[in-house]
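Quick notes on the structure that follows.
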Amino acid sequence: MAYDVVIKDGRIYDGSGLPSFTGDVAINGAQIVEIGRINGGARRVIHADGLAVAPGFIDFHTHMDAQLLWDPLATSSCFHGVTTLIPGNCGLSLAPCRPEDRDHLIGSFVRVEAMPSQVLKAAVKWEWQSFPEYLARLRQRLGVNVASLIGHCALRQFVMGAESSERAATPSEIEQMKDLLREGMRAGAIGFSTNQNRRHMREDGRPIASRLATDEEILELAGVLGELNRGSVQISRGTLGTACPAEGDVDFFRRLAAKSGRPVIWQSIAHRWNAPELWRKLLSLAQDSLATGAPSYPLCNARLFNGRFTLKNAQNFDDLPSWKQVMFIPVEQRADAFRDLEVRRKLRYEAVEDTRPSTFTRRWDQIFLIKAALPKHQHLEGKSVEEIARLQNKDVIDAFLDISLEEKLETLFQNSGSRDELATAEILRSPFTLVGQSDAGAHLIYHAGYGYATRFLGYWIRENKVMALEEGIRKLTFMVASLFGLNDRGLIRPGMAADLVLFDPETVRECEPEMVNDLPGGEKRLVQRALGVKMTIVNGEVLVEDGEHTGVFPGRVLGNGKIANGYLSS
Ligand SMILES: [Zn+2]
């Protein structure tokens, strides 16, 4: 047999953005070896008539650092055609970490990324301290490829201990962080991530460590990547009212990219009702910054921001001081605070009457009761809090809190009103925005972002025609691979890695998330299936077919672009 696998008669979207064409793809081992009309025999022929054949999607914004340890398939990402994912975002990674710092590091994940601490404490076995040791642990078994960033919080915590969340670093501490980053980069990290989002706190209410870093410290760390001429910087900044960076931050991102010479991927551009023109301004600043020759790219999101929450651990209200105070009271006493009329008065003022900007939009007509805990409230499911308040002749805060209290804070709500569709379409359409920000592996019971790519393909491209499918595929593949230095991925070409997805452009879309109890210890999380995805192929092996894992584990830890063993980045 000439080939291991031949994919026949598919419509090839090669990732470059060029017009798609009908043809075959031949694979030997883990590589694509031929494209076009393939006549030689193959051990397996996959008939792809009617299907799109594209490079596998690269989910560049995940928090799968912990989940990969117990779920090497990275469910549900693998069902949506994701073949490589990037953990270590937003300043958070699980390495390097000293034994005495584990709880603090986990405390940052728990609060920023809303992962249950009992799950992390039970399931993370800490078989590493250094970043190279963490990568070695990941290599043991992977379904998808993983390329990891090193988190700034972990670097700071390792060097500065408890003071990492209290003060700026000294020059010698910065040097130690740079050494750790160098060590991680040499072992195959693909860059580093940092986070100065003012909403991001640890479980104990302290700011996460990277928020205490000066701009100088961040420039110094990015300088390590410049010195090695490898790797990218992911940076999250958010003002309290919008969760988007301030206008002045865009210039810092430009300086960071210009000084290090490395790609900077910054979070993020999104429409917000409380700052309805900010996205337009940020988009134009991003364009100006790129025009100077600095490789600094904004990211954006295709998925619905239908944040689900209960009053046990909602983060929707963190911008509002009295709400934040109440939400940090232990759950057992929180209910008493919600009953207190004086507290309620303050909560009502901040969440209804106040007009100061806040991430929380105060649109109670857009907050829906999704699932009641008690049968007697089931008739309210699907209704907005505003509607429920009207039915019960109460004001929205009383209606909202009374139901939650009666249900021991288990009532599940959904906040649906956070962005404008036309603005979102325009942000997605910009040729230089990265589409992703799935946060896969995080916010486990609030939203499932695994299907960002299938949503982009189904909802935005097929139904809303925001761009040609070729351009959409380029954004999900070649563009990401290029900016993160995954030099042998993201294109269908002879010699490139055989990471592919086969899907039906007429039907592809994401399914509604479903709650399951599959976390270690039986804890709950949302999972999400896809429709129209026929096959996910990783390194030449079919990982998922018709939504089912085939039993293989072909994933690898990808490195930062050094040539080794004949592969560019594996
Ligand atoms: Zn993140």
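Every read-out reported here was derived from the displayed coordinates using simple, explicitly stated rules and does not represent laboratory data. Not measured: the values here are computed from a predicted model. Backbone-built Cβ (ideal geometry, glycine too); neighbour counts: all protein chains shown.
Given the -39500 (n - 2.57) contribution per DSSP H run of 4+ residues, what per-residue ellipticity at 222 nm results for the chain, rounded to the nearest 500 deg cm²/dmol? Calculated from helices alone, the mean residue ellipticity at 222 nm is -8500 deg cm²/dmol.
Scalar couplings 3J(HN,Hα) for segment 329-338, obtained by applying the Karplus form with A = 6.51, B = -1.76, C = 1.60 to θ = phi - 60°, are 6, x, 3, 4, 8, 4, 4, 4, 4, 5 Hz; x denotes Gly and Pro. Specify the inter-centroid distance of segment 524-548 and segment 325-375, based on alpha-carbon positions, in whole Å. Comparing the Cα centres of segment 524-548 and segment 325-375, I get a distance of 39 Å. Here the 3J(HN,Hα) profile of segment 546-553, calculated from phi with Karplus coefficients 6.51, -1.76 and 1.60 at θ = phi - 60°, is 6, x, 10, 5, 7, x, 8, 10 Hz, Gly and Pro shown as x. Measuring nothing but alpha carbons in segment 463-570 and taking Rh as the Kirkwood radius, the Rg to Rh ratio lands at 1.02. Each 10 Å bin from 0 upward holds the following percent of the Cα-Cα pairs of segment 403-501: 13, 35, 30, 13, 7, 2, 0.
Straight Cα distances below 14 angstrom link residue 281 to the aspartates and glutamates 247, 249, 251, 426, with same-chain residues fewer than 8 positions distant left out. Kirkwood hydrodynamic radius computed over the chain comes to 24.2 Å, based on all pairs of distinct alpha carbons.
Here the Kirkwood formula puts the hydrodynamic radius of segment 289-434 at 17.0 Å, using every distinct Cα pair. Residue-normalised convex hull volume from the C-alpha trace of segment 195-318: 120 Å³ per residue. Rounded to 0.05, the FRET efficiency of the residue 247 and residue 117 pair, given R0 = 35 Å and the Cβ-Cβ distance, is 0.45.
Label sites at residue 43 and residue 408, each approximated as a point 7 angstrom past Cα along Cα to Cβ, lie 5.4 nm apart. Per the Debye calculation on segment 1-145 with a single equal scatterer at every Cα and no solvent contribution, log₁₀ I(q)/I(0) for q = 0.13, 0.15, 0.16 Å⁻¹ amounts to -0.71, -0.82, -0.87. Short-range pairs are left out: with C-alpha atoms under 8 Å and at least six residues apart, the relative contact order of the chain is 21 percent. With K and R counted +1 and D and E -1, the other residues having a Cβ less than 11 Å from that of residue 51 yield a net charge of -1. With θ taken as phi - 60° and the Karplus curve 6.51 cos²θ - 1.76 cosθ + 1.60 applied, the whole-hertz 3J(HN,Hα) list for segment 456-467 is 4, 6, x, 6, 7, 8, 6, 7, 9, 6, 5, 6 Hz, x standing for glycine and proline. Say a site is exposed when it is one of the GluC sites (Glu not before Pro), sits in a DSSP loop, and has at most 13 other Cβ atoms within 10 Å; what is then the longest site-free stretch of the chain? Within the chain, the longest run free of exposed GluC sites (Glu not before Pro) spans 1-126. Note on residue 408: aspartates and glutamates with a C-alpha under 13 Å away, same-chain residues under 8 apart excluded, are 332, 336. Between the amide H of residue 234 and those of 192, 193, 194, 265, distances stay under 5 Å, these residues lying 5 or more places away or on another chain, with hydrogens modeled in the peptide plane. Between residue 543 and 536, 537, 538, the built amide H atoms are under 5 Å apart, and every one of these is 5 or more places off in sequence or on another chain. The H on the amide N of residue 17, modeled in the peptide plane, is under 5 Å from the matching H of 474, each at least 5 residues off or on a different chain.
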